[in-house]
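**Q** Supplied in structure tokens, the structure appears directly below.
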Amino acid sequence: MIYAILYHPGHNRVYFETSVQLSVSEFRIAARRLSTVCSGIGQQKIRGIDYLTFETGGELGPEDLKIISGLSFVYALFKVEHFNGELYLRPLARECVNFVDESMSAILKYSGKTNEIFTRMLLNIAYHTQDRRENIRVLDPIAGKGTTLYEALMKGFNAYGIEISETVVNESYHFVKRFLETARYKYEHSALRLSGPGKSFTAARHTFVTAKTKEAFKGKETRTIELIAGNAKYADQYYRKNYFDLIAGDLPYGVQHGNVTKEKQTSLTRNPTELLRTCLPAWVGVLKPGGVLALAWNANVLPRDKMERLLEENGLAVKKEEAYLRLAHRVDQSILRDVAVARKQ
């Protein structure tokens, strides 16, 4: 059986000439979850329109359709059929039920924002690389204004973020509160000030527990979205050991994304090496055995071999299959964004 995926209209705009390569890699990584073996994965023109097509050994079931529908590049899915020598595309319903409306990650527009389509791909790659399916907890330790958290919540994950700027976290707190109220989600909010031994660090935590309806909230069909204003190198002080299934984030890589590893640091650096050396031990500590870390970064300032070495030095097994090594794409003339995926043993 042959199926065809119509690309999301924004996909080419985000990835330019590498869009096909990235969609094939994302599909191959997710395909390990499908109930049937896929082959012949690639781009095909049908009546002049580009589709990603693939062949299966059996009919796709509801769970298969749900997995495919959640991929970042999927706009519509069709089954390819032939009748009287003609090719026809039979549309299949997308099995995609979001926990919150996808507008949550698209509403905010600001300089330096990580594109939500890319963020969706990053989360998909991380999620489909590990084995758990329920009660997923995601940490973005470099959360910025929260795109990763909003995309994670949309997928029904519990989303946690650390951002060093308290001003940015306060803005995100007000945004989340306003969004949940406007969309009429039931929620409870709590705030807490944190400090380390001898005031070695201070942090502010905002926690939202939310559900689609009051009835769902009473039935504990809830998800958590949490933001911490603090230094990410203390992640293992904010959270207990082996707490997260996934860690996903877009590392700072330019003028708009300068690394800050000290609360009072004012200078910006384009190289994420310092941040990783400082923070990785804590990040790995809060990741569950079998959990997956997926980080995007600018390979122009940190070559892939050095990135892999940093991850391996912290006890992570870097994924090196072809699909994981074909995720690099150019963002602009100075930024070649790549993705490293690694699993905790």
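**Q** Looking only at the range 310-345, how many residues end up being open to solvent by 60 Å² or more (accessible area, probe 1.4 Å) and either modelled with pLDDT of 95 or more or touching a helix residue (DSSP H, G or I) at 6+ places or on another chain (Cβ under 8 Å) (or both)?
**A** The total comes to 8.
**Q** Please identify the pairs in which a residue from the range 289-316 that is of a type in the set (V, I, T) has its Cβ atom under 6 Å from the Cβ atom of a residue that is surrounded by 14 or more Cβ atoms within 10 Å (Cβ to Cβ), counting only partners at least 6 apart or on another chain.
**A** So the pair list comes out as V292/A126; V292/T129; V292/Q130; V292/L246; V292/R343; V301/R270; V301/N271.
**Q** Considering only the range 107-157, state which residues are assigned to a helix (DSSP H, G or I) and under 20 Å from K288 (Cβ atoms).
**A** The answer is L122, L123, N124, I125, A126, Y127, H128, T129, T148, L149, A152, L153.
**Q** Report yes if V301 is touching a strand residue (DSSP E or B) at 6+ places or on another chain (Cβ under 6 Å) and open to solvent by 40 Å² or more (accessible area, probe 1.4 Å), otherwise no.
**A** Taking the combined requirement at face value, the residue does not satisfy it.
**Q** Hey, another quick one. Somewhere in the range 67-88, is a residue crowded, with 23+ Cβ neighbours inside 10 Å, outside any loop (DSSP other than H, G, I, E, B) and among the polar types (S, T, N, Q)?
**A** no
**Q** Okay, moving on. Just wondering, is there one or more residues in the range 44-52 that are farther than 20 Å from P91 by Cβ, surrounded by fewer than 20 Cβ atoms within 10 Å (Cβ to Cβ) and more than 24 Å from the chain's Cα centre (by Cα)?
**A** No, that holds for no residue.
**Q** Can you pull out every residue in the range 1-55 that is in contact (Cβ under 8 Å) with a residue 60 or more places away in the chain and assigned to a strand (DSSP E or B)?
**A** The answer is I2, Y3, A4, I5, L6, Y7.
The values are calculated or read from the model by the stated rules, or taken from the named source; none is laboratory data. Nothing here was measured: the structure is a model prediction, and the numbers come from that model. Quick reminder, even Gly has a Cβ in these numbers, built from the backbone with ideal geometry, and neighbours come from all protein chains shown. Ligands, DNA and RNA are stripped out before the accessible areas are found, and what is left, the full protein with its side chains, is counted by its heavy atoms. Shrake-Rupley method; radii C 1.70, N 1.55, O 1.52, S 1.80 Å.
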